[in-house]
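> Submitted below is the structure of interest, expressed as structure tokens.
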Amino acid sequence: MKAIKLLIFAIIGVLVIGAVIVTLIYFYTDTFKPTQEIFYKYVSEDNAATIIDTKLLEQLITNIRVTENEQDINLGISAELKDDIVVENQTVNFHNKIDIPNKMIESTITLGNNNNEELFKFNIVRNNNLYGVLINDIMKRILFS
């Protein structure tokens, strides 16, 4: 009888020690955490500043504001909402021209699909405090209807 009690205490002791070890591993390590949670834990503001060269980025933004330049930005977009595909393989293209002496900015924004077909295109122009928007599809419909 004493041997059975000793065996039961030993088994319960091993289970309690095992539960404590698993609990400590869970709370003090990243062993059981999903990769996305681990990523956000380690990419804090301090770490993001070391990953992204902020001085170079600030210098680039300053150069864009004070010198004449052109930029082309191309983005690919896909989105899901609760396992339903909302947007798939769409593109957004920005073409910007900045003319500092004349205080003019011109932007062309094109929305398209993955076959490089233009679905919608419009231009925005800023001259001092005046803004203008040109939507080519609407102008064609107005002029040729």
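Just so you know, all these numbers are worked out from the coordinates, no wet-lab data involved. What you are looking at is a predicted structure, and each value in this text was computed from that prediction instead of being measured. FYI the Cβ positions are ideal-geometry reconstructions off the backbone, even for glycines, and counts take in every protein chain you see.
> Please go through region 65-123 and give me each residue that is basic (Lys, Arg) and within 20 Å of the chain's Cα centre (by Cα), ordered by number.
Result: Lys82, single match.
> If I filter region 115-135 down to residues being under 21 Å from Gln71 (Cα atoms) and among the polar types (S, T, N, Q), which single residue comes out as surrounded by the most Cβ atoms within 10 Å (Cβ to Cβ)?
Asn123
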